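The values are calculated or read from the model by the stated rules, or taken from the named source; none is laboratory data. Computed from a prediction, not measured in an experiment: that's the story for all the values here. FYI the Cβ positions are ideal-geometry reconstructions off the backbone, even for glycines, and counts take in every protein chain you see.
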Amino acid sequence: MRAIVCKKYGPPEVLLFKEVAIPMPKDNEMLIRIFATAVNSADWRLRKADPWAVRLFFGFTKPKKPILGGVFSGQIEVVGKNVTRFKVGDQVFGSAGMSFGAYAEYKCLPQDGVLAIKPNNISHIEAGTIPFGGTKALHFLKKANIKVGQKVLIYGASGAIGTAAVQLARYFGAEVTAVCSTSNLQMVKSIGADKVIDYKKEDFTRNGEAYDVIFETVNKLPFSDSIKSLKPQGILILGASGISQMLQGVWHSMTGSKKVISGVMSESADDIIFIKKLIEKGHYKAVVDRAYPLEKMVEAHRYVEKGHKKGNVAITIAEIK
């Protein structure tokens, strides 16, 4: 099968287009033919080992899993003898998690993995981009226990996590203020933001507004600015924080009235199923900036690493059915 292989950390050029063996499913696994995947911030950071601490978890000198890629949409081709939840021919989408492997034509996953039947009202290209931002935004918003009528600000609202957070917070009944750049204002408003702020023209921390929840999705807003714009019992979500910000958040939660949520996210099949239902009911849609074929993975990584994408960048792998 065709795959993108990463045998060392470095710039986009370390991603090599190769032919490798098709994996074989175990008794409780399914072989999925992948039609589409995506390139997200987590992908290029892992490829680059940025921050350096990535090496402690994913391989000191090179990635332990040479085929990267964490999200997918495709079709089940083979099922193990113990698989009962899915059948051959099912169209599915979801996350490969820490097993990675979605930068390839085929991937084996257990039937209790983070996946669900793909919604019929979206394409594989759209479905393949949804799990990363969707499950991450859902994880943090659930931890913040968003309530109807709360004022929620999403910083970095035009990215993969940001576009998901805007739509989910809106669905949960919040009044959503989205912060992004000039070129993305209309797009963010079109997916449900009640208010939009162009960070190049206005500093929301100086407009006198206070928010119940601030969701910082891109790790570019100073911690002190975020905290001072919260209501007395407000919650700050650090969705892309490093270790130092996490520790700062823990200390602030222990010593003040405002709570800081950060840390490693978790995801489950229930999360994918929840998002699937929202998609089918028209409450959630994929935001796809552009799509590249698998053989253009280096170019896709280079583009995403620049940090200017709108929503998601898709990768087409097999012929879309």
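Checking the stretch 249-267 against the condition returns a match, with at least one residue being hydrophobic (A, V, I, L, M, F, W, C) and crowded, with 17+ Cβ neighbours inside 10 Å. For the stretch 86-125, a residue qualifies if it is among the charged types (D, E, K, R), in contact with a strand residue (DSSP E or B) (Cβ under 9 Å, 6 or more places away or on another chain) and surrounded by fewer than 23 Cβ atoms within 10 Å (Cβ to Cβ), and the qualifying residues are Lys87, Asp90, Glu105. What is the one condition in (1) part of a loop (DSSP other than H, G, I, E, B); (2) surrounded by 15 or more Cβ atoms within 10 Å (Cβ to Cβ) that Met30 does not satisfy? Only one criterion is unmet by Met30, namely (1).
Mind listing whichever residues of the stretch 42-87 are among the acidic types (Asp, Glu), within 21 Å of the chain's Cα centre (by Cα) and under 23 Å from Ala291 (Cβ atoms)?
Taking the stretch 42-87 first, the residues among the acidic types (Asp, Glu) are 43, 50, 77.
Then drop every residue that is not within 21 Å of the chain's Cα centre (by Cα), which leaves 43, 50.
Once the filter is applied, which keeps residues that are among the acidic types (Asp, Glu), within 21 Å of the chain's Cα centre (by Cα) and under 23 Å from Ala291 (Cβ atoms), the stretch 42-87 yields only Asp43.
Residues that are closer than 23 Å to Met98 by Cα, part of a strand (DSSP E or B) and either among the hydroxyl-bearing types (Ser, Thr, Tyr) or in contact with a strand residue (DSSP E or B) (Cβ under 8 Å, 6 or more places away or on another chain) (or both): does the stretch 241-260 have at least one? Within the stretch 241-260, not a single residue is closer than 23 Å to Met98 by Cα, part of a strand (DSSP E or B) and either among the hydroxyl-bearing types (Ser, Thr, Tyr) or in contact with a strand residue (DSSP E or B) (Cβ under 8 Å, 6 or more places away or on another chain) (or both).
Could you identify the single residue in Ile130, Ile146 that is of a type in the set (Val, Ile, Thr) and assigned to a loop (DSSP other than H, G, I, E, B)?
Matching residue, one of Ile130, Ile146: Ile146.
Of everything in the stretch 205-215 that is over 20 Å from Tyr284 (Cβ atoms) and modelled with pLDDT of 95 or more, the residue that is surrounded by the most Cβ atoms within 10 Å (Cβ to Cβ) is Ile214.
Residues in the stretch 105-144 that are under 27 Å from Ala174 (Cα atoms) and acidic (Asp, Glu): Glu126 alone.
With the condition kept exactly as written, say whether any residue in the stretch 150-164 is outside any strand (DSSP E or B), surrounded by fewer than 24 Cβ atoms within 10 Å (Cβ to Cβ) and either out of contact with any Leu (no Cβ under 7 Å at 6 or more places or on another chain) or not β-branched (Val, Ile, Thr) (or both). Scanning the stretch 150-164 turns up at least one residue that is outside any strand (DSSP E or B), surrounded by fewer than 24 Cβ atoms within 10 Å (Cβ to Cβ) and either out of contact with any Leu (no Cβ under 7 Å at 6 or more places or on another chain) or not β-branched (Val, Ile, Thr) (or both). Cβ-Cβ distances below 8 Å connect the following pairs, each with a first residue in the stretch 263-275 that is in contact (Cβ under 8 Å) with a residue 24 or more places away in the chain, a second residue that is crowded, with 18+ Cβ neighbours inside 10 Å and of a type in the set (Phe, Trp, Tyr), and a separation of six or more residues or different chains: Met265/Phe140; Ile272/Phe93; Ile275/Tyr284. Of the residues examined, Thr84 is not one that is polar (S, T, N, Q), within 24 Å of Glu13 (Cβ to Cβ) and either modelled with pLDDT of 95 or more or outside any loop (DSSP other than H, G, I, E, B) (or both).
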